[in-house]
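Just so you know, all these numbers are worked out from the coordinates, no wet-lab data involved. Please read these numbers as outputs of a predicted model, since none were measured by experiment. Cβ coordinates were reconstructed from backbone atoms using ideal geometry, including for glycine residues, and neighbour counts include every protein chain displayed.
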Amino acid sequence: MKSTKTVILAAGHGTRMVSEKPKVLHEVGGKAMLNYVISASEAAGADDIAVIVGYKADIVKAALPKNLTAIEQKEQLGTGHAVLQALPFFENLKGNVLVLVGDAPLVRKETLEELVKAHEDGGFSATVLTAVFDDPTGYGRIVKKGDELIKIVEHKDATEEERNIKEINSGMYCFDAQALKAALQAINSDNVQGEYYLTDTIEILRGMGKKVGSYPTPDVDDIAAVNSKVQLAEIGKIMRCRINTSLMEAGAIIIDPENTYLSVETKVGKDTVVYPGVITEGRVVIGENCIIGHNSRIVNSTIADGVDIQISTILDSFVDENTHVGPYAYLRPNSHIGKNVKVGDFVEVKNSVMKDGAKASHLTYIGDAEVGKNVNLGCGTVFVNYDGTNKYRTVVEDNCFIGCNSNLVSPVTVKEGSYVAAGSTITDDVPEDTLAVARARQVNKEGYALQMKQIKKISK
């Protein structure tokens, strides 16, 4: 393959999206549409990539990888005008220029590789990425003579014969860089819209005696672009199918792929079972032989082998092997859960470590804490970590037992092997192998209940 640069068109507002967010930054499978196009281009071997930005240019620039070139189109005067802004980016290139659109997230590296191959093998100055649609209504038609493309005709301008053509224009191209440079310098805005159309370069190149071809992708999904939130959902469904199919082919068991929402950056180990309604976001790694129960949500986290998660939320955390989480557990950012740990129902863990074998079976808050090995936290245990201004850490060392309804007022340390009696509020450190009792002594007043009942009767 010749040296290749890519120009991605990402300047449009996308008014039909009815959104303040630039269209190309809307996400599919947890990733901005534009970033899919960038990834496909990089994987296909592009040496350099420039992104044409316009609407909310600063926001789009901020979302780009640092190694990319951003070129601003201050006025949106058509696709030809957009590519013209990138002329300094490729004007000295002796090779290919891929022109892609930033709102086509389904385009794959294999498709781009085949487009470039068809371009080079055919000796074309320009090659249009096309697809054959059963119903091409509304799309520009590809008019050909043999293998050569004669022109692109918009649906509204097409004759009856041309409207019967099924091959349509995707809006993505491979050009010889010097041929594109010459064609761009010859385009004009002499049309109803007063814009510079990239499609005009096709007839200009033919007028120069250059060969123009097309590559029809066998997968029509590759060229699907997003212009509305309805289409965003439709594309999302296709992407979801691709993601889940890839994971199942690698060994995961996804019970209901149509209703399982895994990000494109999710990895799932073999024989892990993922139930319906599971959502992953960002970079998520799930090991082998796990169970991810229905309606669980995992964000930017790593789950080791053999973990069982039931109806729980895990954010920016790590869960080690053979641990049980849930139902209705909540792991907040920076939580590190060890091996064979139990984080039970309605347990919240925040910025804490639970070491191997620790258990918090239900109704517990663990905030800014280090919980040692084989510690048992009874129902209702609360790590009181906040004084209204600052947060403090508490340490419970290995093999401790914390009774139900206990408060550990940070900062405090419960030394190894100690017990805390149920209902205690611990404000001082507890020495090793000690029973700490910090609660009011029970007093039984015999007959007092009868007296209270008599008083109530009299008051009525």
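Please report the antiparallel percentage of the DSSP beta bridges confined to the chain, to the nearest 5.
About 20 percent, rounded to the nearest 5.
Relative contact order of the chain: what whole-number percent is it, with Cα pairs under 8 angstrom and at least 6 residues apart?
Dividing the mean separation by the residue count of the chain yields 8 percent.
I'd like the distance between the alpha-carbon centres of region 23-79 and region 386-433, rounded to an integer number of Å.
52 Å
Using the basic label-point model (7 angstrom from Cα toward the beta carbon), what is the A438 to E288 distance in nanometres?
According to this spin-label approximation, the distance is 4.6 nm.
How far apart, in nanometres, would the label points at K21 and N164 be if each is projected 7 angstrom from Cα along the Cα-to-Cβ direction?
Distance between the two pseudo-spin positions: 4.5 nm.
Just to verify a number: FRET efficiency for N405 and L68, C-beta to C-beta distance, R0 = 60 Å, to 0.05?
0.60
Which number do you get for Rg(Cα) / (2.2 N^0.38 Å) in region 252-381?
Normalised Rg, Cα atoms only: 0.96.
Ranked highest first by average number of other Cβ atoms within 10 Å, how do 424-432, 32-40 line up?
Top to bottom by mean Cβ count within 10 Å: 32-40, 424-432.
What list of ³J(HN,Hα) couplings, whole Hz, do you get for region 433-443 from phi and the Karplus terms 6.51, -1.76, 1.60, once you set θ to phi - 60° and write x for glycine and proline?
Values per residue, Gly and Pro as x: 6, 10, 9, 9, 10, 9, 8, 5, 6, 6, 10 Hz.
How big is region 22-153 by Rg and Dmax over its Cα atoms, in Å?
15.7, 45
Return the calculated 222 nm mean residue ellipticity for the chain, to the nearest 500 deg cm²/dmol, obtained by summing -39500 (n - 2.57) across DSSP H runs with n ≥ 4 and dividing by the residue count.
Taken over the chain, the calculation gives -6000 deg cm²/dmol.
Name the aspartates and glutamates eligible as straight-distance cross-link partners of K61: C-alpha to C-alpha under 14 Å, and not fewer than 8 places from it in the same chain.
List returned: E72.
Could you calculate the contour length gain from Q193 to D134, that is, 0.36 nm times the residue separation minus the distance between their Cα atoms, to one decimal place in nm?
Length gained between Q193 and D134: 18.3 nm.
Going out from 0 in 20 Å bins, what whole percent of all Cα-Cα distances in the chain drops into each bin?
Reading the bins upward from 0: 21, 36, 24, 14, 4, 0.
Enumerate the amide H contacts of A422 below 5 Å, restricted to partners 5 or more residues apart or on another chain; note that Pro and chain-start residues carry no placed amide H.
G403, C404
Please give the length that would be gained between K391 and N340 if that part of the chain were fully extended, namely 0.36 nm times their separation in residues minus their C-alpha to C-alpha distance (nm, one decimal).
Gain in length upon complete extension: 15.5 nm.
What is the distance, in nm, between label points placed 7 Å from the Cα along the Cα-to-Cβ direction at I255 and at N295?
1.2 nm
Could you name the lysines in cross-link range of K445, using Cα to Cα under 29 Å and dropping any fewer than eight places away on the same chain?
K453, K456, K457, K460
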